[in-house]
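The values are calculated or read from the model by the stated rules, or taken from the named source; none is laboratory data. Please read all numbers here as calculations on a predicted model, not as lab measurements. Positions of Cβ are generated from backbone atoms using ideal geometry, with glycine treated the same way; all protein chains shown enter the neighbour counts.
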C-alpha cells in the first residue's frame, strides 16, 4: 500500500506539521493505505550515555531536517512511498531517570501501538540503549524466532560491554543483552565501521567469542562493500534487524553526536554500505545517537534523515526479485 504524502509542489516542505520525512501521523493514515508496512517513532532518551548527553533531542531534530527527504530512490530505482505504507507514530514515553526501566517502558509502548501484526517498527533515538527495546519488540512481532534475529550493525563501537558504572543497560551494552536474551543470533550479525581506540583489548572478546563478524573501518576501506553483500546473501532471507549509530560516520560529516570517533565513513560511503545490504529481509530498524547541540548547521540530523530513507528503501525493494519498475 502507498503512503499518503503531501505534494511538495502544492504544500511546501517548510509548511505543515513536522513528521518524519513528512509521512502521515499514525491516526491520519487513510483506511485504504492500511495495513501499514512501517511505523516510525521517536525515542527521546539519553540517560544511557557514557560521554556527552543531548541525544534526547535527536528525534525532534531529525523530524525537522527530514522535511527535505524525498520519495524516489535513484540508486535502487524505487518510489519508497509508492512501495510502502509508512507513518510517524509519535514519540514513545520515556523514563529519563531509569535506564533499565526505560527499556521496558519503550518496548511495551511499541508493542501496544494500534498497528497490524505485519507492521514493522523503526525507532529513532535517542542513545543506543534504546535499540534493545525495539529489538525485543521486533523479535516478538516477528514470531519470537528461536534462533534469534540476524543483525546489521553500523557503528564505531561494538556496544557489547557488560556494564559501565554498574549499569548493564547503557548505550555500551544493548547487543550483549540482546545476545544473552537470544533476541539476536551473534553468528548472523555483522558490525560495520568499528574503529578508534578502545578502553581495553578484551572489549572485543564478547563479540569475537560469540561469533559476531567484525568489519573494522580499515577492512571496510579495503573490501567492505563486497563483504557486506556476501554477508547479506548468507542470511538467506532470515528476519534481520538493522541498527545504525550515526557515529560510524566521521565527525567531519556528522559532528552532532555524543561519542565522536574520527577516521570513519564519509556520508557517501555510509550510503554505499547500506545499499550493499540489498536483499536483506528487514524486520525492524533504528537510527540513533544524533546530538543536535553539537551539530553544525543541522548536517548530522539531515544525514540521519537520509539514513532512515536508505533503510526504508531496502525494505521497499525487499528480499525477493524486483517487481515492475517504480517511479
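Looking across 32, 64, one residue alone is surrounded by fewer than 19 Cβ atoms within 10 Å (Cβ to Cβ) and in contact with a helix residue (DSSP H, G or I) (Cβ under 9 Å, 6 or more places away or on another chain). It is 64. Reported count of residues in region 71-94, each being free of Cβ contacts under 8 Å to residues at least 24 places away in the same chain and either surrounded by 15 or more Cβ atoms within 10 Å (Cβ to Cβ) or over 23 Å from residue 6 (Cβ atoms) (or both), is 1.
For region 69-107, a tally of residues being in contact with a helix residue (DSSP H, G or I) (Cβ under 9 Å, 6 or more places away or on another chain) and not in a loop (DSSP other than H, G, I, E, B) returns 20. Would you confirm whether or not region 49-64 contains a residue that is closer than 20 Å to residue 314 by Cα and part of a helix (DSSP H, G or I)? Checked region 49-64: at least one residue is closer than 20 Å to residue 314 by Cα and part of a helix (DSSP H, G or I).
Please determine whether any residue of region 11-27 is in a strand (DSSP E or B) and either surrounded by fewer than 16 Cβ atoms within 10 Å (Cβ to Cβ) or within 22 Å of the chain's Cα centre (by Cα) (or both). Checking region 11-27: at least one residue is in a strand (DSSP E or B) and either surrounded by fewer than 16 Cβ atoms within 10 Å (Cβ to Cβ) or within 22 Å of the chain's Cα centre (by Cα) (or both). Go through (1) under 17 Å from residue 240 (Cα atoms); (2) assigned to a loop (DSSP other than H, G, I, E, B) for residue 132 and report which single condition fails. All conditions are met except number (2).
Annotation: of all residues in region 103-141 being in contact (Cβ under 8 Å) with a residue 60 or more places away in the chain and out of contact with any strand residue (DSSP E or B) (no Cβ under 8 Å at 6 or more places or on another chain), the one that is surrounded by the most Cβ atoms within 10 Å (Cβ to Cβ) is 129.
Just name the residue that is farthest from residue 240 (Cα to Cα) out of those in region 274-304 that are in a loop (DSSP other than H, G, I, E, B) and in contact with a strand residue (DSSP E or B) (Cβ under 8 Å, 6 or more places away or on another chain). Talk me through it step by step, then tell me what you get.
Taking region 274-304 and keeping what is in a loop (DSSP other than H, G, I, E, B), we get 276-280, 289-291, 295-298.
From the residues that got through so far, the ones that are in contact with a strand residue (DSSP E or B) (Cβ under 8 Å, 6 or more places away or on another chain) too are 277, 280, 289-290.
On the way: 277: 11, 280: 7, 289: 21, 290: 23 Å.
Per the stated criteria, the residue is 290.
Kindly indicate whether any position in region 212-223 is touching a residue at least 24 places away in the same chain (Cβ under 8 Å), crowded, with 21+ Cβ neighbours inside 10 Å and farther than 19 Å from residue 157 by Cβ. There is no residue in region 212-223 that is touching a residue at least 24 places away in the same chain (Cβ under 8 Å), crowded, with 21+ Cβ neighbours inside 10 Å and farther than 19 Å from residue 157 by Cβ.
Restricting region 222-273 to residues that are farther than 20 Å from residue 310 by Cα and not in a loop (DSSP other than H, G, I, E, B), the residue that is modelled with the lowest pLDDT is 223. Just so you know, in region 172-197 the residues that are part of a helix (DSSP H, G or I) and buried (at least 24 other Cβ atoms within 10 Å of the Cβ) include one that is farthest from the chain's Cα centre (by Cα), and it is 178. Filtering region 9-32 to residues that are within 19 Å of residue 306 (Cβ to Cβ) and in contact (Cβ under 8 Å) with a residue 60 or more places away in the chain leaves 19, 20, 21, 23. Is it the case that region 230-251 has a residue that's under 20 Å from residue 51 (Cα atoms) and surrounded by fewer than 21 Cβ atoms within 10 Å (Cβ to Cβ)? Yes, region 230-251 has at least one match.
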